[in-house]
Amino acid sequence: MNTAWQGFLDELARWHDAGRASEFWWRDDDAARPARALERLLALSQASATPLALAVVPLLAEKAIFENAGPLVSVLQHGTDHVNRAGPQEKKTEFSPAEAPAAALARLAAARRQLEALAGKRFLAVLAPPWNRMPRTLAPHLAAAGYRGLSQFGVRTDAQAAPGLRQVNTHADIIAWRAGRGFAGESEVLAAAVRHLGAKRAAQADAHEATGWLTHHAMHDEAAWAFLERLFETTRQQPGVIWRRAEELFHAP
């Protein structure tokens, strides 16, 4: 066993020795149309008995992607159309700061209705914005628009992004977006998870936020798939590790 995996297991052991559970959750982004990678993702969730929160692009989604989804798959709303509306010199985002909140909410509502009709009972009123970005001014309006949750990337500062809006983020992205867009590597990915676990244990991060693993099935190479298989198998064998369903995490605050 290499150093990265040993360090991960050592952190899990610290939580267990302290009588605390290590809580994880899994979000995968950019689902829309049937594809071999998506089929493989859904099969992995079912075979490993690992709950999966599938962030689906509503206006690109096809009903067929939900037909083979197992009982552990939940559906989140991945923006509306995954179109970059950023202005010059801005980072990619579907929700430009120049767009009025009312206009963004109208787009979201229409897309939400479409996705909910396709996904049925799997759908959760949780927004996972593309590129994990949206203006802060939009969050206070989401609960009134019917959303109960928000999911981005990084340590949350509060369990509620706004009144009535529960925030649960992801913390370990397995893709190296700035270095070839393949698997980021065991050392980097496991270190990200250990950092979040360690920060929670040291009261430097919200100890009640489950550590989130972020994947993008369309970008996975064989190394990424092998890592996920090992991650799920390894954590299932460790005492005190719990994989949470999105329904549990985004309960009413």
Highest-MSF residue in the chain out of Phe227, Phe24, Phe183 [GNM, Cα springs under 10 Å]: Phe227
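Please report Glu94, Glu222 as a ranked list, fewest other C-beta atoms within 10 angstrom at the top and most at the bottom.
Taking fewest neighbouring Cβ atoms as first place, the list is Glu222, Glu94.
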Normalised contact order of region 105-253, rounded percent, pairs of Cα under 8 Å and 6 or more residues apart: 21
Value at 222 nm in deg cm²/dmol, rounded to 500, when DSSP H runs of n ≥ 4 in the chain each add -39,500 (n - 2.57): -10500 deg cm²/dmol
Ranked list, fewest to most other Cβ atoms within 10 Å of each Cβ, for Asp28, Asp81, Asp173, Asp158: Asp158, Asp81, Asp173, Asp28
Helix 101-119 axis, angle to the chain major axis (alpha carbon atoms, nearest 10°): 70
Percent RCO, i.e. relative contact order, over the chain, from Cα pairs under 8 Å lying at least 6 residues apart: 26
Magnitude of the charge dipole, region 3-249, Cβ model with Lys/Arg +1 and Asp/Glu -1, debye to 20: 540
Principal-axis tilt of helix 36-48 within the chain, Cα atoms, nearest 10 degrees: 50
Cβ-based exposure ranking for Asp221, Asp17, in which fewest neighbours within 10 Å come first: Asp17, Asp221
Degrees separating the helix 186-201 axis from the principal Cα axis of the chain, which is the longest one: 90
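Only the coordinates and a few stated rules stand behind these numbers; no lab work does. Just so it is clear, the model here is predicted, and its values are computed rather than measured. Glycine also receives a Cβ, built like all others from the backbone with ideal geometry; neighbour counts cover every protein chain displayed.
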